[in-house]
């Protein structure tokens, strides 16, 4: 019996196969095997070592809010505080260390540009019935398993197609379309911070209002700088549990709470969104704690949007949130003192309308994204004259 | 399991032979149940299926090799192992269900590596034990007065496999839930092992064994076990159906009922958006709506929305009768009384019906398996066109990202645009919760609220949301990229599936490239190492499992349901091996084995060519029995090859384990490479060509100088 490779016994071969199989598993234990980390209930992202492009491209800009230590840099935009050696890429995939400087690769390269109804953000107390010019570049500093924009939020800038749209041109397009406001949205604007900031600044200078739609995972200093140009924000408070934040979103709770406080303190109109994910974010007790915190720290007039979950992305094996659960959570939220609690993603539901907390009358009727009856005048209830918080015109 | 040897005696009633038959019955049922369980746990597509088969073969093979370490096994040890093998299936199926949430975050879908690891971990122990037992049986029999030669071992094992396959596929699957099926098919093995222990074991061991066996039957026959092991994933289960077509579950949380199919929520109460969009986008296009055909997706308010147009008839085709029955029972099928519910495969219905429709709606999941892809192919479009009136409209929907269309997504849409545009003059894609493809020879309209207004039909959802979702620039954007690439999607060259698989990998942040590269390196080093004759066995194992995958998936492409026929086709492949092996080890097989081997290799080649010709050139849809007959014939030829190859090699020079390893690892690789790589990435036609090349290489090896009896 001839063998092509003499001297290699079958036993040795099997050993080799075993080692090979073990080696085969090795590459899967990193980013591509979140199951390992999921069992540890933490899916936070990691810095991409030696993943930066060899050279910068047209849509790069030196980042702000970073510190240096020799050739290493630390990004201080968000709580991830990525420590990047030369050639590394941040958790959000958009920021890199090239030769000891931090650069954003997402500046002027918008991958999603649309004109949406402002109610779609959702913002219910800010210029209702108007359109909003919405743009996004790639990247996100979280890893939400239910992300509906994962095709841009979980990608590197080089991996997606984009249009060139530098700040001035973006504002010009909004003005040409007679659109009163701009939203930084879809992916996570914190990751394309400089693009958001500069476009907001340009928009403010030309009389266009700015809306931040964000996960709120940002540090205080850059946030305060950004707030100078913001008119409104919708912050996604994904749950009121650090454990769930780590397991479902790859983040932590405290920085988001801090963001809410800062935005409120800076006088930016603030609405809060919570996606009610079955078996994770549908606890009455957690909702009570969350609403107590909101009322205490932010006051009772911050609208809260409770959205119905539908299976998306990698949370595909959960059912939609029962409407009864949403209604119950809304009741709890209102009993804790929040004046305006909306139910979203349930077309035709009466809780998508605005009611006066004083007289209980219907003030703003919403038919999908369209506005029906409207009984607010000069920010006051058309029936009892109570001030209804928001920017109504 | 392929084993060869010299003469055999046909004695059915000694312990060892009965062990083989009963083990075969139990293990085949366990394999089929495990496959179905994995398909339910991981929203099974071809990749999950292939990984399951690959792991099963690989680990069973390892179990067989491990048995070499036991030099003189006793009857007591064998009996104990048989008992373990009989009881393990219960723990395995329960473990798969219960451990999913322990291994992964509740409610998440999983990617390639997660599925692979889970499959290996969950099915590994049983595979190792069942593979381990076969050589032990042989060793024990050699110490008795009635030694089992290896060919006889193979024959009896095959008999068990075939009986188990037939029992499960034609009887148990229709009448019993998984745990009860396990109780039935494991029972002979349990009783046999207890008998063996009575002959050889100590009293304590016997007592423990009786206790274990009694517990096994109590637990597996407990009526609440199915729901108990599933409730962690589904919550409160109102109804659980293990239909021949898949697992259907209705769960309840608060006031909401959810209907699940294959582990994925199919519909939850009050999904108005989906019902409104899929009905009004299409029906509003028509001046007059008389006959409407809905293929799947009739749950919820859909039929009521259709009824707003006062059609003369609504035909709702749904494959699985248990799905529609359960939906009716729990009021998840509003307005069903106004529709004619037809429980049939949508494509087969279309090909057979003489009726003509004004509107045909496909409401199906993403085309990530052949079962679904076949509704998005050229062949399907031709059937739709045939069943549609001149100015009728056809619609289907795909998942998409509302804010950004990735390159893969654009390619997916382009493929579909090209495929539909070959049959319809106008194709319009409208955005909504999903992207709706509208196809017609008549003009199409993109202002749906305006059309509804003209018709006096009310839809609060469309009125409120349409203009916000389907803005002119979003509509323009969707329809711009649909006019590019001219690639087409067909039943056997499913270009669409390749793109969908790419998206699947992208969604889970993983790539199979590393896995396949390392596997290729390992396979290459193995191929360099093995004896030339063993390569023939390797290629035979590769071809037979590759062909089994192709037969399974081509059957799925033609008939649309694999879950039901999976057992029958697997059994057909097992069935063919038996007569093939009998002939192979008979005198006929021994006569000039090299020549016989070559002839059989040519026969395999011929059968593969027939398969390719059917796929490439024929528009025929063979009857199901033809698939089964082909499977039997193909496996018979391959079954013949094993003993013939062993004679050719010379058993004294080619140890049994070496032959087994070549055959099994060829089979494992054949299943994996064909199912998870060749078919999804190259399509079925090219996959057959790849198998043909493998077989040609085998022929070259045989005919090469030095390729004689001693390799």
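Descriptive notes on the structure:
- Condition check for residue A:295: closer than 18 Å to residue A:247 by Cα and assigned by TED's automatic domain parsing to the domain that holds residue A:335: no
- Condition check for residue B:475: more than 10 Å from chain A (Cβ to nearest Cβ), in contact (Cβ under 8 Å) with a residue 12 or more places away in the chain and within 30 Å of residue B:647 (Cβ to Cβ): no
- Residue in the range B:417-431 that is within 14 Å of chain A (Cβ to nearest Cβ) and either assigned to a strand (DSSP E or B) or in contact (Cβ under 8 Å) with a residue 12 or more places away in the chain (or both) present: yes
- Matching option when the condition is at pLDDT 90 or above, within 25 Å of residue B:498 (Cβ to Cβ) and part of a helix (DSSP H, G or I), among B:114, B:110: B:114
- Taken over the range B:314-340, residues that are free of Cβ contacts under 8 Å to residues at least 40 places away in the same chain, under 19 Å from residue B:289 (Cβ atoms) and touching a strand residue (DSSP E or B) at 6+ places or on another chain (Cβ under 8 Å) amount to 7.
- Selection of the range B:438-459 for residues being within 12 Å of chain A (Cβ to nearest Cβ) and either touching a residue at least 24 places away in the same chain (Cβ under 8 Å) or under 25 Å from residue B:406 (Cβ atoms) (or both) yields B:458, B:459.
- Among (1) surrounded by fewer than 20 Cβ atoms within 10 Å (Cβ to Cβ); (2) in contact with a strand residue (DSSP E or B) (Cβ under 6 Å, 6 or more places away or on another chain); (3) assigned by TED's automatic domain parsing to the domain that holds residue A:290, the one test that residue A:375 misses: (3)
- Selection from the range A:248-262 of residues that are over 12 Å from residue A:220 (Cβ atoms) and touching a helix residue (DSSP H, G or I) at 6+ places or on another chain (Cβ under 7 Å): A:251, A:252, A:253
- Scanning the range A:306-315 for residues that are within 7 Å of another protein chain (Cβ to nearest Cβ) and in contact with a helix residue (DSSP H, G or I) (Cβ under 9 Å, 6 or more places away or on another chain) gives A:313, A:314, A:315.
- Restricting B:295, B:279 to residues that are touching a helix residue (DSSP H, G or I) at 6+ places or on another chain (Cβ under 9 Å), under 30 Å from residue B:41 (Cα atoms), in contact (Cβ under 8 Å) with a residue 60 or more places away in the chain and more than 13 Å from chain A (Cβ to nearest Cβ) narrows the list to B:295.
- Some residue of the range A:322-332 being surrounded by fewer than 23 Cβ atoms within 10 Å (Cβ to Cβ), more than 11 Å from chain B (Cβ to nearest Cβ) and in contact with a helix residue (DSSP H, G or I) (Cβ under 7 Å, 6 or more places away or on another chain): yes
- Those helices (runs of 4 or more DSSP H) of the range B:292-404 in which at least 2 residues are surrounded by fewer than 22 Cβ atoms within 10 Å (Cβ to Cβ), considering only elements entirely within it, cover B:302-307, B:321-329, B:346-352, B:378-386.
- Count - residues of the range B:171-182 that are surrounded by fewer than 20 Cβ atoms within 10 Å (Cβ to Cβ) and in a helix (DSSP H, G or I): 4
- Scanning the range B:254-285 for residues that are surrounded by fewer than 23 Cβ atoms within 10 Å (Cβ to Cβ) and out of contact with any strand residue (DSSP E or B) (no Cβ under 9 Å at 6 or more places or on another chain) returns B:254, B:255, B:264, B:273.
- Tabulated pairs, the range B:39-57, first assigned by TED's automatic domain parsing to the domain that holds residue B:100, second part of a loop (DSSP other than H, G, I, E, B) and at pLDDT 90 or above, C-beta under 8 angstrom, 6+ apart or interchain: B:42/B:109; B:42/B:110; B:43/A:316; B:43/A:317; B:43/B:109
- Candidates A:296, A:288: the one that is closer than 30 Å to residue B:105 by Cα and surrounded by fewer than 17 Cβ atoms within 10 Å (Cβ to Cβ) is A:288.
- Residue among A:98, A:77 that alone is crowded, with 20+ Cβ neighbours inside 10 Å and within 17 Å of the chain's Cα centre (by Cα): A:77
- One residue from A:142, A:123 being assigned to a loop (DSSP other than H, G, I, E, B), away from chain B (no Cβ under 12 Å), more than 30 Å from residue A:365 (Cβ to Cβ) and in contact (Cβ under 8 Å) with a residue 40 or more places away in the chain: A:142
- Comparison of A:179, A:152, A:218 shows that the only residue that is in contact (Cβ under 8 Å) with a residue 60 or more places away in the chain and within 14 Å of another protein chain (Cβ to nearest Cβ) is A:179.
- Test result for residue A:360, assigned to a loop (DSSP other than H, G, I, E, B), at positive phi and away from chain B (no Cβ under 14 Å): yes
- When each of B:231, B:251 is tested for being more than 12 Å from chain A (Cβ to nearest Cβ), free of Cβ contacts under 8 Å to residues at least 40 places away in the same chain and either touching a strand residue (DSSP E or B) at 6+ places or on another chain (Cβ under 9 Å) or assigned to a loop (DSSP other than H, G, I, E, B) (or both), the lone residue that passes is B:231.
- Residues that are modelled with pLDDT of 85 or more and either on the phi > 0 side of the Ramachandran plot or away from every other protein chain (no Cβ under 14 Å) (or both), drawn from the range B:478-491: B:479, B:488, B:489, B:490, B:491
- Residue match in the range A:254-275 (condition: touching a residue at least 60 places away in the same chain (Cβ under 8 Å) and part of a loop (DSSP other than H, G, I, E, B)): no
- Filtered by the rule that a residue be out of contact with any helix residue (DSSP H, G or I) (no Cβ under 7 Å at 6 or more places or on another chain), outside any loop (DSSP other than H, G, I, E, B) and under 18 Å from residue B:24 (Cα atoms), the range B:140-169 gives a lone residue, B:152.
The values are calculated or read from the model by the stated rules, or taken from the named source; none is laboratory data. Just so it is clear, the structure is predicted and the values come from calculations on it, not from any experiment. Cβ coordinates were reconstructed from backbone atoms using ideal geometry, including for glycine residues, and neighbour counts include every protein chain displayed.
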